[in-house]
1. At 222 nm, what helix-only mean residue ellipticity would the chain give, in deg cm²/dmol to the nearest 500, using -39500 (n - 2.57) for each DSSP H run of four or more?
2. Kindly provide the pair-distance distribution of the chain built from C-alpha pairs, with 5 Å bins from 0 and whole-percent values in order of increasing distance.
3. What three numbers, in Å, describe the spread of the alpha carbons of the range 147-211 along their principal axes, ordered from the longest?
4. Pick from Arg144, Arg187, Arg70 the residue whose mean-square fluctuation is largest in a GNM of the chain, springs joining Cα atoms under 10 Å.
5. Would you mind working out the accessible area per residue for the chain, using a 1.4 Å probe, and quoting it in Å²?
6. Can you list the aspartates and glutamates whose alpha carbon is less than 19 Å from that of Lys18, not counting same-chain residues fewer than 8 positions off?
7. Treating the beta-carbon of each Lys and Arg as +1 and of each Asp and Glu as -1, no other charges, what is the dipole magnitude of the chain about its Cα centre, to the nearest 20 debye?
8. Roughly how many percent of the accessible protein surface of the chain is carbon and sulfur, given a 1.4 Å probe and a whole-percent answer?
Amino acid sequence: MKNNGRWKKTIKTLFARKVAIFSSLVVVLFIAMAVFAPLIAPYDPNFADFAAFLQGPSKAHLLGTDNFGRDVLSRIIYGTRVSLIIGVLAVMIACVIGTFFGMVAGYFGGIVDDVITRIMEAIRAIPQIILAMALTAVFGSGIRNLAIILGISSMAGYVRMMRGQVLTIKQADYIMAGKLQGNKDFRLMFKHILPNSISPIIVMMTQQVGSTILAEAGLSFLGLGISAPTASWGSMVSEGRLFLLQNPVFALVPGVCVAVLVISLNMFGDGVRDALDPRLRGEV
């Protein structure tokens, strides 16, 4: 009952601000576009109409066509799937791997902590987009590979966050009591430490989905991300910039979609952070 009351207060705090409500509605709209893409899209996103190259907006094609005669609106709708799938999968991979190694480093300390920390510092020293470009050149692109690559390149933040949480929590009396009762280390880590340090991890996840989507769009724009003919916002911007005079919507609308989704996700992440802050919920 106590937990139910806490979650109700958290949700109430989250949606107490109009910005959080608006951003969540925008995110839900994009998710609906991704889920119901086959029902919403007026055309097959990969169907090339050779008689309709680079046409402007019309009744037949609301946002015009691209340089292969494909419907821009349909490709934007299907591109939502790519962005959200890669963004969510990459963040989940980074969260799971980073949280585990962060717990191990903070809990055991010593040489284990030193090795993990040094490796993560080396990863953090390289800009995410540069590291992702290097890994993409080695392992190739595609949705699965991009999700793994972007997840690996961003997991260092989770390691650092979780390590700091563990260093604080492992000194608590209930952890000491659990050790005296003979509980195994990994049982204490997953049953007691993880649940009590999950809030900042959730906040980091919600805020990082947007930056991951932006990184995927950047890689696709550079030709290192999603390859043709799969619809991707980044690759559409890259292709469309060459035909701004013939059909400016071809490049502008995918870029606007990236900006709107990333900004909405960041605003929603800020709302989640505020909602999980006990001081704003009146618990401190």
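1. About -22500 deg cm²/dmol.
2. In order of increasing distance, the bins hold 1, 6, 11, 13, 14, 14, 12, 10, 7, 5, 3, 2, 1, 1, 0, 0 percent.
3. Computed over the Cα atoms, the extents are 43, 19, 15 Å.
4. Among Arg144, Arg187, Arg70, the largest mean-square fluctuation in the Gaussian network model of the chain belongs to Arg187.
5. 52
6. Excluding near neighbours in sequence, the set is Asp270, Asp274, Asp277.
7. Here the chain has a charge dipole of around 1100 debye.
8. 68
The values are calculated or read from the model by the stated rules, or taken from the named source; none is laboratory data. In this text the structure is predicted, and so the values were computed from the model without any measurement. All Cβ positions, even for glycine, are placed from backbone atoms using ideal geometry, and neighbour counts span all protein chains on display. Accessible surface is based on the protein model in full, side chains and every heavy atom, while ligands, DNA and RNA are left aside. Shrake-Rupley method; radii C 1.70, N 1.55, O 1.52, S 1.80 Å.
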